[in-house]
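Below: the structure, in structure tokens.
Quick note: the coordinates plus some simple rules give every number you see, no bench work behind them. Given the structure is predicted, the values throughout are model-derived calculations rather than measurements. Counting neighbours? That spans all protein chains shown, and the Cβs are built from the backbone with ideal geometry, glycine included.
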Amino acid sequence: MFDIKDPHQDFKTYDDNNVFENAWTMDKIERKDGPVWVMNHFFVNPDFDLEQELDQEMPTALLIAKKSDIPVWPLDPIVIRYFKTHPAFHSIWYHAPY
């Protein structure tokens, strides 16, 4: 799982055969208007389904944001698209482009 007090969240997922599926990180930074989780790039093994991997991992990002009451600033275009198409993420999105 994760330690909400850790300013660096690091996630790697492997399948039952120990084959890499995906990896992503979030780092808590301080901005003038308060703390923000910066979500870095989301890496996916090309042999796995991107949407399925996002559906599996993004609930963790949502949970971290809600438990810490700190918004998420996604940097990866893949994650930005996911946030755009999943309304549950609109409330935690820092600097949403809408």
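Rounded to the nearest 500, the helix-only mean residue ellipticity at 222 nm of the chain stands at -9000 deg cm²/dmol, with each DSSP H run of n ≥ 4 adding -39,500 (n - 2.57).
If I take every Cα pair under 8 Å that is 6 or more residues apart in the stretch 1-44, average their sequence separation and divide by the length, what percent do I get for the relative contact order? Don't skip to the answer; put the middle values down first.
Details: 66 pairs, mean separation 13.4, N = 44.
Worked out over the stretch 1-44, it gives 31 percent.
Report relative contact order for the chain in percent, whole number only (criteria: Cα-Cα under 8 Å, sequence separation at least 6). Intermediate values should be presented prior to the final figure.
Numbers: 133 pairs, mean separation 20.8, N = 98.
Computed value for the chain: 21 percent relative contact order.
Counting other Cβ atoms within 10 Å, which trypsin sites (Lys or Arg not before Pro) in the chain have at most 14 and lie in a DSSP loop?
Values: sites: Lys5, Lys12, Lys28, Arg31, Lys32, Lys66, Lys67, Arg81, Lys84; in loops: Lys5, Lys32.
Filter output for the chain: Lys5, Lys32.
Panel note: the C-alpha atoms of the chain, placed on their principal axes, show extents of 44, 30, 18 Å (largest first).
Of the lysine pairs in the chain, how many meet both conditions: Cα atoms under 19 Å apart, and a spacing of 8 or more in sequence or different chains? All intermediate terms of the calculation are to be shown ahead of the outcome.
On the way: Lys5/Lys28; Lys5/Lys66; Lys5/Lys67; Lys12/Lys28; Lys28/Lys66; Lys28/Lys67; Lys66/Lys84.
Step by step, the pairs that qualify in the chain add up to 7.
For the stretch 9-98, build the charge dipole from Cβ charges (+1 Lys, Arg; -1 Asp, Glu) around the Cα centre, then report which of Leu75, Val36, Ala88 sits farthest towards its positive end. The residue sitting farthest along the positive end of the dipole is Val36.
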